[in-house]
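As structure tokens, the structure follows; a few thoughts come after it.
The values are calculated or read from the model by the stated rules, or taken from the named source; none is laboratory data. From a predicted model like this one, the values you see are computed outputs, not experimental measurements. Here Cβ is always computed from backbone atoms with ideal geometry, including for glycine, and neighbour counts include all displayed protein chains.
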Amino acid sequence: MSSFGSILLGAGLVITLMVLALAWMYLSSYNRFSRESRKHLALEGEEASILDSDGMQIRDLNKNGKVDIYEDPRQPIEARVENLLGQMTLEEKVGMMFQPMITFAEEGELVERHSSFMTPEPTSKQVLGRQLRHFNLVGNSSPRNMAKWYNRLQKIAERSRLGIPVTISSDPRHSGAMNLGAAIATEGFSRWPDPLGFGAINNAKMTEEFGDIARQEFVSIGLRSALHPMADLATEPRWARVSGTFGEDAESASRMTIAYINGFQGKKLGKDSVSCMVKHFPGGGPQKDGLDAHFPYGKEQVYPGDNFKYHLIPFEGVFAETDVQQVMPYYGIPVDQTNENVGMSFNKEIITDILRGKYEFDGVVCTDWMICETTKLFGLFRIMDSTSWGVEKLSPLERYHKALNAGVDQFGGQHQTERLMTLLEKGLLSEERINESVRRLLKLKFQLGLFDDPYVDEEKAALICGNESFREKGKEAQRQSCVLLKNSWLEGNKLLPLKPGVKVYCENIDKDLLREYGAEVVFAPYEAEIALLRLQTPSQKMGNGFLERMFHQGDLDFKSPEKERLLEIMDALPTVVDLYLDRGAVIPEIAERCGALMVNFNVPDDVVLDMLFGRSNFSGKLPIEMPSSMEAVRLQREDMPHDSKEPLYKFGAGLRYE
């Protein structure tokens, strides 16, 4: 056999062994998962019967045949909390303090057959074994299927010893964004612009109306906790989370954040509310070089403009004007702003002194996701390292201990209840300290009415979600969010609005839809009268991690050869550019050589065409600056708004059709 043949044989053998090893790991994980599922499903008890108490129907959650104080809606919430707390075991209390990710199987089934990093253990083990009662839902299905899954999950919780219901949270689901670390586009919901688009509209009434509609869709499928809004300020244009903010201006962002929360919650939390978890305290925007704190290279938040207090303004508005009961600190280290350089959730000065002390916040503090443990698939493959910035040398057990001492109530993205049990056994954590956090978590469940009736109407969910009225209001908000920045061609002639019959060469837009607007679509620039290019703010690949691929980071300018290709089209014929602005793009040459320029905040093709063909007029204004060069970006101070030298387009820029 030739040496080449030997190499091929050896490579084939290695590949075969790797495939066999992966298959063995999967089967081992599958079998272990199945055993765990059978073991914990066997722990299911009886359903709660209904007791009659002076004509009121009350659920007998602990199945003792009498109405306990915690089961009685007529009792004050404080009394209900204390009554239940007195009946809970340590394991049940500790389970309240974790909020891992969870998903569903096909047709809304519970995950009981195989693991994923989103549901690393059978649902039955998490609810009946670990006593977990808070979950962050990831994944997407029809509203009916999600409602079915939710009801099945609540039924398992009801069959537990005390029948404590589950609270389900979610990242934003109403824009077109899809990022497991930030947002999950949901097909069955009405669609709206990114939060940055609400900053462009700058209308608190519309933002509150969105919150109210989103609330109805969330509640209909059982989502009762929103892991949003972001009160962060987009003072650093390279940050990957800019699209989730309301912009860089603190006063405007404050108004929008307050309106958003009031839409989701109402003026006071109740049985029809979705509780908002405002984030990322004390403001996650000033990331060093714009690098995101999900990753080790973005662990530092810096304040070269000495502007730490500016980032607190939206939170101050929220605490003063809303009934918000949940706050999430960010991952980052507030460099040299406190007495130790550790991440926000480990930082006692941030949580206890500022949040709880200065602002007198007595609600739930939940960490951002996975700050203590590395996330693995099948228990072997690393999905995401722990984001334990500043305390990397501590063990996971020590990280939990430090975060609790800082003032944290709940650990997002984690499920390792055994860590807190170990701290209790070692005498490093007292039951009194556990009770302090569990009281807050139970109070919120009672405020939301979950103990009285946690179930949803599956058929009604299908009718509420994405109904025609909600979709049209979302569409109108998308139109109002679009911003026109340029509309001129040779000798000042207006290129927009486009006229039916125009010959168009297009990229990244539905050609059949374009024809419906009356355009003649051609397939080469030389055949066209105009070009229409839908583009997205550029980004750079920052690493090979699973989550990194979902975050747009790095430089904001188009690179060669793509920039030259685009400019060649613009030099050949009048060109309309539509740019999805998820960060502050650097496009000086494109802005100079195109005939018309609009920016959008994650809207579909038909909305863009409504604007370009004049079916709607532009009214949006830029909620962030657009820098003139990458040099200007690098010279900006990360914590300062309106800080770009000679910006290409200033904050508040925006034109209309005359």
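Here is how the numbers come out for the structure above:
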| quantity | calculated |
| --- | --- |
| Residue count for segment 37-53, restricted to those that are without any contact (Cβ under 8 Å) to a residue 60 or more places away in the chain and either touching a Lys or Arg at 6+ places or on another chain (Cβ under 9 Å) or buried (at least 17 other Cβ atoms within 10 Å of the Cβ) (or both) | 4 |
| Count - residues of segment 140-158 that are assigned to a loop (DSSP other than H, G, I, E, B) and surrounded by fewer than 19 Cβ atoms within 10 Å (Cβ to Cβ) | 2 |
| Failed criterion for Thr186 (all others in (1) modelled with pLDDT of 95 or more; (2) part of a loop (DSSP other than H, G, I, E, B) hold) | (1) |
| Sole exception among (1) free of Cβ contacts under 8 Å to residues at least 60 places away in the same chain; (2) crowded, with 22+ Cβ neighbours inside 10 Å; (3) of a type outside the set (Lys, Arg); (4) farther than 30 Å from Met146 by Cβ for Met230, by number | (4) |
| Residue match in segment 199-221 (condition: touching a residue at least 12 places away in the same chain (Cβ under 8 Å), part of a loop (DSSP other than H, G, I, E, B) and surrounded by 24 or more Cβ atoms within 10 Å (Cβ to Cβ)) | no |
| Matching helices (runs of 4 or more DSSP H) fully within segment 355-473 where at least 2 residues are over 24 Å from the mean Cα position of the chain (by Cα) and without any contact (Cβ under 8 Å) to a residue 40 or more places away in the chain | 396-406, 417-425, 431-447 |
| Residues (more than 15 Å from Thr89 (Cα to Cα) and either loosely packed, with under 13 Cβ neighbours inside 10 Å or of a type in the set (Val, Ile, Thr) (or both)) located in segment 423-440 | Lys426, Gly427 |
| Scan of segment 626-658 for residues that are in the same structural domain as Ala531 (by TED's automatic domain parsing) and under 23 Å from Ser488 (Cβ atoms), ordered by number | Met626, Pro627, Ser628, Ser629 |
| Residues that are more than 13 Å from Leu609 (Cα to Cα) and among the small types (Gly, Ala, Ser), drawn from segment 495-535 | Gly501, Ala524, Ala528, Ala531 |
| Residues that are part of a strand (DSSP E or B) and buried (at least 18 other Cβ atoms within 10 Å of the Cβ), drawn from segment 54-88 | Ile58, Arg59, Asp60 |
| Complete set of residues in segment 613-658 that are of a type in the set (Val, Ile, Thr) and modelled with pLDDT under 95 | none |
| Subset of segment 609-631 [buried (at least 19 other Cβ atoms within 10 Å of the Cβ) and out of contact with any helix residue (DSSP H, G or I) (no Cβ under 9 Å at 6 or more places or on another chain)] | Leu612, Glu625 |
| Segments classed as helices (runs of 4 or more DSSP H), wholly inside segment 508-625, with at least 2 members that are farther than 17 Å from Leu495 by Cβ and in contact (Cβ under 8 Å) with a residue 40 or more places away in the chain | 605-612 |
| Residue match in segment 633-656 (condition: under 30 Å from Arg515 (Cβ atoms) and assigned to a loop (DSSP other than H, G, I, E, B)) | yes |
| Residue list for segment 447-486, filter: touching a Leu at 6+ places or on another chain (Cβ under 8 Å) and not basic (Lys, Arg) | Gln447, Leu448, Phe451, Val483, Leu484, Leu485 |
| Sole exception among (1) at positive phi; (2) out of contact with any strand residue (DSSP E or B) (no Cβ under 8 Å at 6 or more places or on another chain); (3) of a type outside the set (A, V, I, L, M, F, W, C) for Gly413, by number | (2) |
| Residue list for segment 444-494, restricted to those being among the charged types (D, E, K, R), at pLDDT 95 or above and under 26 Å from Leu612 (Cβ atoms) | Glu468, Arg471, Glu472, Lys473, Lys475, Glu476, Arg479, Lys486 |
